[in-house]
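Report on the structure given below.
The values are calculated or read from the model by the stated rules, or taken from the named source; none is laboratory data. These numbers were taken from a predicted model, which means no experiment stands behind them. Cβ placement follows ideal geometry from the backbone for every residue including glycine, while neighbour counts extend to all protein chains displayed. Protein only, heavy atoms only, side chains kept; ligands, DNA and RNA dropped before computing areas. Shrake-Rupley method; radii C 1.70, N 1.55, O 1.52, S 1.80 Å.
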Amino acid sequence: MFDVLIIGGGVSGMSCALVLGSAKNKAFVADKKIGIFTHQKSSSLQEAIFYNAYGISPGKLGSELLTESTQDLETTYPHIAQIPNEKVIKVEGVFPSFTITTNKNTYQAKNIVVGIGSANTFDIEGLTQYIEPHKKALPEKQRIQLKNEDHKVADGIYVIGTLAGWRSQLAIAAGSGAAVATDILTLWNNGVQTHAHDSIR
């Protein structure tokens, strides 16, 4: 049983995983099992190049970021389970007991975080009832989002990145993933507001 499973290995999903990983020394996180489906084939980063993203060298390819982010997560926070090459096709159950079915396996999780982009081909069974038109995309692009309030779709279900209704911008997606990570940390900390910082002090 995972305490949280993140669906999507793009910017928002990896950002969420990194923040959760960085909190590993907090007492209320020590026993938590965290996983991420790192399926990235449909990530918009595959065709991106960056000249306007804070902290990223101009000319950096998005495809390089995708590869480096999974490597960095493995090196820095190896306790987070990476599940590559699996596509989620169904989510069943309610908080705190979800069953996540992929094209290869079945997993159990108390919480799920969905960050797989806003294409109108979204077809995860058990989540399609939350689909609505994207509120910040051009109508002709026919983008969708999942109905949510401050990233929360329902108890135990969170949505991040463009699928949460945000614009397609690396900094926004990263912030969205980090925001949900801190919401989950707060949940684990019995509702006491919390976040995770790294420091040289």
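What is the sum of charges around TYR158, taking Lys and Arg as +1, Asp and Glu as -1, for the other residues whose C-beta is under 9 Å from the C-beta of TYR158? Its environment carries a net charge of 0. Across all Cα pairs in segment 134-201, the calculated P(r) in 5 Å bins from zero up to the longest distance comes to 4, 17, 21, 21, 16, 10, 6, 4, 1, 0 percent per bin.
Mind checking the dipole of the chain: about its Cα centre, +1 per Lys or Arg Cβ, -1 per Asp or Glu Cβ, Debye to the nearest 20?
Working: 18 positive and 18 negative charges, 28 e Å.
Dipole about the Cα centre, nearest 20: 140 debye.
Within the shell of other residues whose beta carbon sits under 14 angstrom from the beta carbon of PHE122, the net charge comes to +2, with Lys and Arg scored +1 and Asp and Glu -1. Note on ARG143: accessible area approximately 90 square angstrom, rounded to 10, probe 1.4 Å, nucleic acids and ligands left out.
Placing +1 on each Lys and Arg Cβ and -1 on each Asp and Glu Cβ, with no other charges, gives segment 133-201 a dipole about its Cα centre of roughly 300 debye. Taking Rg and Dmax of the Cα atoms in Å as calculated from this structure, the corresponding entry among (1) 15.8, 46; (2) 15.9, 50; (3) 17.5, 51 is (2). Net charge dipole, segment 63-120: roughly 380 debye, given to the nearest 20, about the Cα centre with Cβ charges of +1 for Lys and Arg and -1 for Asp and Glu. Simple spin-label estimate for LYS33 and LEU61 gives 3.7 nm between the two label positions (7 Å along the Cα-to-Cβ direction from each Cα). Would you work out which of THR194, ALA179, THR70 lies farthest towards the positive end of the dipole of segment 69-201? Charges go on Cβ: Lys and Arg +1, Asp and Glu -1. Projecting each Cα onto the dipole axis, the largest value belongs to ALA179.
Most fluctuating residue of ALA173, ALA53, ALA119 in a GNM of the chain with Cα springs under 10 Å: which is it? Answer for the Gaussian network model of the chain: ALA53. Helix content alone sets the calculated 222 nm mean residue ellipticity of the chain: runs of n ≥ 4 DSSP H residues at -39500 (n - 2.57) each, divided across all residues, give -7500 deg cm²/dmol.
Residues within the reach of a label modelled at GLU92 (point 7 angstrom out along Cα to beta-carbon, backbone nitrogen below 16 Å), restricted to segment 101-138, are 101-110, 124-128.
Mind checking segment 22-119 for chymotrypsin sites (Phe, Trp or Tyr not before Pro) that DSSP puts in a loop (not H, G, I, E or B) and that have at most 15 other Cβ atoms within 10 Å?
Details: sites: PHE28, PHE37, PHE50, TYR51, TYR54, PHE98, TYR107; in loops: PHE28, TYR51, TYR54.
Taking segment 22-119 and a limit of 15 other Cβ atoms within 10 Å, the loop chymotrypsin sites (Phe, Trp or Tyr not before Pro) found are PHE28, TYR51, TYR54.
In this structure, the residue pairs whose Cα-Cα separation is over 31 Å, taken from LYS24/LYS90; LYS32/LYS141; LYS32/LYS87; LYS104/LYS135; LYS32/LYS152, are LYS32/LYS141; LYS104/LYS135. Dividing the Cα radius of gyration of segment 1-113 by 2.2 N^0.38 Å, with N the residue count, gives 1.12.
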